[in-house]
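K.L.:
Take a look at this one; I'll ask things after.
The values are calculated or read from the model by the stated rules, or taken from the named source; none is laboratory data. Just so we're clear, the structure is a prediction, and the values are computed from it rather than from any experiment. All Cβ positions, even for glycine, are placed from backbone atoms using ideal geometry, and neighbour counts span all protein chains on display. These accessible areas exclude ligands, DNA and RNA; they are computed on the full protein's heavy atoms, side chains included. Shrake-Rupley method; radii C 1.70, N 1.55, O 1.52, S 1.80 Å.
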Amino acid sequence: MTDFSDNPFIELFKSQEQHQFLIGNATYKQRITKLKALRKAVEHTYKQEIRDALYKDFKKPSLEVDLTEIYPIVDEIKFVSKHLKSWLKKQKVETPMALLGSSSWIKNEPKGVCLIISPWNFPINLTFGPLVSAIAAGNTVIIKPSEMTPNASAIMAKIVNRVFDEHEVALVEGEVEVSTQLLKLPFNHIFFTGSPQVGKIVMEAASKNLSSVTLELGGKSPVIVDDSSNIDKAVQRICFGKFVNAGQTCIAPDYVFVNASVKDAFVTSFKKQIKEWYGEDISKSESFSRIVNQKHFKRLQSYIDDAQANQTEIFRGGASDEKDNFIAPTLVLNPGDDSKLMQNEIFGPILPVKTYVNIKEAVHYINQKEKPLALYIFSKNKQNTNYIINNTRAGGTCINHNLLQYLNHNLPFGGSNNSGIGKSHGYFGFLEFINQRAVLKQHTLGAVDLLLPPYTNFKQKLVDLTIKWF
Ligand code: NAD
């Protein structure tokens, strides 16, 4: 057995481990009561403090906080509360003839002690979202939120302390070193949301204890706009997907492939849209967030500088302001494939637009890159839509809009390989925190009892018959 006695979090871990059966045996009603307490805290008691915290962290507009941080949690709790009773019921399964005299069922039991590591970009949503699934499944949880949004972390710590006992849910704040220490412990499940690079570190650490993992990662999510689509509508929706949270969204459209014949219409519509939404001076708009910190500001600015150095055509919605971590919505036309913009996940308000003549070119380009978390299609042409869906791979797809696939709890949310392993939301998120325990009960004499040693010719015949007929 590995000795964890010098780990700074071992006492907390052990106390959760000791309480895991008490918490895991809570009825569905008791679990819903806890979820409702969390909902009340987020939706009412601490709503304004959440808005204030996110404004302090990166000037996130309060409407966006309500829409992208509070609403998804409230909605997830409503959805889970409606279905939890049926999800926790023992699921009877059929009995094959060869096992006559027995019955079988699946018991959805909690995994045990879980770790949730969350990112900064939607800190409340991406911490409490998986927490709802973990509580519904009957687990105990240690949470490590991102150090990059300290105000959001502080308000979440306050909520967790108010709603839960530490032996059920505890939140630990701190830098990367805190994650590193936590990842050494033998958690029964680790739910990580963040970059593919750190996802690999998490998976490697988890392998030391054979902890199961959910990895909600990122990458470059492409958009294809064909010549049959309504360009103004497509631009409006893409701008929403790209500029909410200032583009710091895992499923934001990363780059666009537009049919060459509608490129000019796309660019004209883009310029008009930006002005309409944010006015002449975007830095004064109350509807646009800032970049989370100077490190990310510099990273994004270097992408723009790189495009400028290569004489790429650029439309900038305004000048950058380093003191305010402000980067205006920016469109870059046909950046080179080896440019910084096309080599990295952008995670900011810069939209590269590439053109294609034949849809196969766009599909080929997309397939040269890692599988995206989302792939978006704007088209009225069924043949094009089917061609794209059947010849690419992605965690999720939205047709004629973007981001909305995230909001339907009947859909699984997650990536594939480099963009993620496992799913979240609704039943799919619940299952990540569940061990589907297989139970078989023998009631009477079973067929297998007739086949015990010593093996005779008669028993061999019975086996032959079983293989052939049952
Ligand atoms: P990140 O991977 O840098 O950090 C995420 C979390 O991991 C933070 O809590 C951080 O403290 C911790 N961490 C960082 N380095 C670590 C290390 N070496 N060892 C252990 N823990 C470490 O990600 P981020 O910058 O917070 O978020 C942006 C990334 O997350 C983007 O790639 C984005 O696409 C992705 N993302 C994915 C989803 C999704 O649902 N799939 C949602 C949001 C963000």
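K.L.:
Looking at (1) assigned by TED's automatic domain parsing to the domain that holds Ser133; (2) in a loop (DSSP other than H, G, I, E, B), can you tell me which one Asp227 breaks?
P.N.:
(1) is the only condition that Asp227 fails.
K.L.:
Could I ask something else about it? Find all pairs meeting these conditions: Cβ atoms under 7 angstrom apart; at least six residues apart or on different chains; first residue within the range 172-184 and in the same structural domain as Gln16 (by TED's automatic domain parsing) and part of a loop (DSSP other than H, G, I, E, B); second residue open to solvent by 90 Å² or more (accessible area, probe 1.4 Å) and more than 8 Å from the ligand (Cβ to nearest atom).
P.N.:
none
K.L.:
Counting just the residues of the range 147-158 that are near the ligand (Cβ under 9 Å from one of its atoms) and open to solvent by 10 Å² or more (accessible area, probe 1.4 Å), which one comes out nearest to Phe13 (Cα to Cα)?
P.N.:
Glu147
K.L.:
Next up: Take Ile399 and tell me if it is modelled with pLDDT of 95 or more, open to solvent by less than 40 Å² (accessible area, probe 1.4 Å) and either under 14 Å from Tyr255 (Cα atoms) or away from the ligand (no atom under 16 Å from the Cβ) (or both). Before the answer, list the steps.
P.N.:
On the way: modelled with pLDDT of 95 or more: yes; open to solvent by less than 40 Å² (accessible area, probe 1.4 Å): no; either under 14 Å from Tyr255 (Cα atoms) or away from the ligand (no atom under 16 Å from the Cβ) (or both): yes.
So Ile399 fails the test.
K.L.:
Another one. Got at least one residue in the range 30-40 being surrounded by 15 or more Cβ atoms within 10 Å (Cβ to Cβ) and assigned to a loop (DSSP other than H, G, I, E, B)?
P.N.:
No, there is no match, as no residue in the range 30-40 is surrounded by 15 or more Cβ atoms within 10 Å (Cβ to Cβ) and assigned to a loop (DSSP other than H, G, I, E, B).
K.L.:
On to the next question. Which of the numbered conditions does Gly174 fail, given that it passes all the others? Conditions: (1) more than 10 Å from the ligand (Cβ to nearest atom); (2) over 21 Å from the mean Cα position of the chain (by Cα); (3) open to solvent by less than 60 Å² (accessible area, probe 1.4 Å).
P.N.:
Going through the list (1) more than 10 Å from the ligand (Cβ to nearest atom); (2) over 21 Å from the mean Cα position of the chain (by Cα); (3) open to solvent by less than 60 Å² (accessible area, probe 1.4 Å), Gly174 breaks only (1).
K.L.:
So, one more: Can you find, within the range 234-267, the residue that is most open to solvent (accessible area, probe 1.4 Å) among those that are of a type in the set (D, E, K, R) and assigned to a helix (DSSP H, G or I)? Write out each step before concluding.
P.N.:
The first filter runs over the range 234-267 and keeps only residues of a type in the set (D, E, K, R), leaving 237, 242, 254, 263-264.
Subsequent filtering for residues that are assigned to a helix (DSSP H, G or I) retains 237, 242, 263-264.
Numbers: Arg237: 67, Lys242: 3, Lys263: 55, Asp264: 104 Å².
The residue in question is Asp264.
K.L.:
Of the numbered conditions (1) touching an Asp or Glu at 6+ places or on another chain (Cβ under 8 Å); (2) more than 12 Å from the ligand (Cβ to nearest atom); (3) open to solvent by less than 10 Å² (accessible area, probe 1.4 Å); (4) not hydrophobic (A, V, I, L, M, F, W, C), Asn139 fails exactly one; give the number of that condition.
P.N.:
Here Asn139 clears every test but (1).
K.L.:
Looking at the range 84-116, which of the residues that are within 17 Å of Gln16 (Cα to Cα) and open to solvent by 10 Å² or more (accessible area, probe 1.4 Å) is farthest from the chain's Cα centre (by Cα)?
P.N.:
Here is the first cut: in the range 84-116, the residues within 17 Å of Gln16 (Cα to Cα) are 109-116.
Filter once more, keeping what is open to solvent by 10 Å² or more (accessible area, probe 1.4 Å): 109-111.
Details: Glu109: 23, Pro110: 21, Lys111: 20 Å.
That would be Glu109.
K.L.:
In the range 119-131, how many are open to solvent by 10 Å² or more (accessible area, probe 1.4 Å) and not in a helix (DSSP H, G or I)?
P.N.:
3
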